[in-house]
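Participant: Sharing a structure below in structure tokens format, with a few things to ask.
The values are calculated or read from the model by the stated rules, or taken from the named source; none is laboratory data. Just so it is clear, the structure is predicted and the values come from calculations on it, not from any experiment. When we count neighbours, we look across all protein chains shown, and the Cβ atoms used for this are built from the backbone with ideal geometry, even at glycine.
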Amino acid sequence: MDRRFIIILAVVVLGLGGIFFVGKIKSNSTNSGANTTVGSTSNHTTGGNAKNVNLLVYGDFQCPVCGQFHPIEKKVVDTYKNDILFTFRHFPLDSIHPNARAGARAAEAAGMQGKFFEMHDLLYENQSTWSQSTNPLSFFTTYATQLGLDVDKFRADFASETVNNTINADLKEGNQKGVTGTPTYYLNGKKLENGDIGSYEKFSAVIEEAIKNASGNN
């Protein structure tokens, strides 16, 4: 077999392997047509935090792995809604997910009308529908209507520099922390390995241990 063919084949195989190893893909903080001005980070939180346990995730709405983690994450957050504080930060991998920033814009725009997590859930639950579309805004507008949002305001906020700058601020914070892929979770400031929380049972066990440790420090 030709030696050059073998080398080319090896490069292709390694490249495909890199695609599936999403957790280590490097993010590009810019998107074609998106300015790089940085605003203030987003502030999307939910939970009573009675046990003083903070769960933070950097997510990308187009990321398939984020989509797989969503039902696990949602069940964990619902189960421990009184005990923990859950925070979402945007980390669109613009270089490989061309609709990721649009998804982040949609969630931010919904957040301006008090419906961030409702849009967050719809984006993940319908990821296969809008993620490859050449006009994802048409889907997002439908979701906005379902949520009872003012659609004209939603469209204006979606296109605004304020929303884009907020996404950039989240990206900057993530980059400063060393985030290289999505989803990346931090529990009380400690980075979690996705392999350790890949099921509800595993994730729940990690949360339980954090609650136990937090209680022991009080």
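Participant: (1) modelled with pLDDT of 95 or more; (2) over 27 Å from Ile207 (Cα atoms): which one isn't true of Gly15, the others all being true?
Facilitator: (1)
Participant: Also, I was wondering about something else. For the subset of region 36-70 comprising residues that are over 12 Å from the mean Cα position of the chain (by Cα) and among the aliphatic types (A, V, I, L, M), which member is farthest from Thr184 (Cα to Cα)?
Facilitator: Ala50
Participant: Let me ask another. Considering only region 178-200, state which residues are loosely packed, with under 15 Cβ neighbours inside 10 Å and part of a helix (DSSP H, G or I).
Facilitator: To start, the set of residues in region 178-200 that are loosely packed, with under 15 Cβ neighbours inside 10 Å comprises 178, 188-191, 193, 195-196, 198-199.
Result: Gly195, Asp196.
Yes/no matrix, rows are residues, columns are (1) among the β-branched types (Val, Ile, Thr); (2) surrounded by 24 or more Cβ atoms within 10 Å (Cβ to Cβ); (3) closer than 18 Å to Phe203 by Cβ; (4) in contact with a strand residue (DSSP E or B) (Cβ under 7 Å, 6 or more places away or on another chain):
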residue: Pro71; (1), (2), (3), (4): no, no, yes, no
residue: Lys75; (1), (2), (3), (4): no, no, yes, no
residue: Leu85; (1), (2), (3), (4): no, no, yes, yes
residue: Pro92; (1), (2), (3), (4): no, yes, no, no
residue: Ala110; (1), (2), (3), (4): no, yes, no, no
residue: Leu123; (1), (2), (3), (4): no, yes, no, no
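Participant: How do the helices (runs of 4 or more DSSP H) wholly within region 31-141 filter down when requiring 3 or more residues that are among the β-branched types (Val, Ile, Thr) and at pLDDT 95 or above: which remain?
Facilitator: On the way: elements: 64-79, 100-111, 116-125, 127-130.
Qualifying helices (runs of 4 or more DSSP H): 64-79.
Participant: Which one of these does Leu187 not meet: (1) free of Cβ contacts under 8 Å to residues at least 40 places away in the same chain; (2) of a type outside the set (Ser, Thr, Tyr); (3) in contact with a Leu (Cβ under 7 Å, 6 or more places away or on another chain)?
Facilitator: (1)
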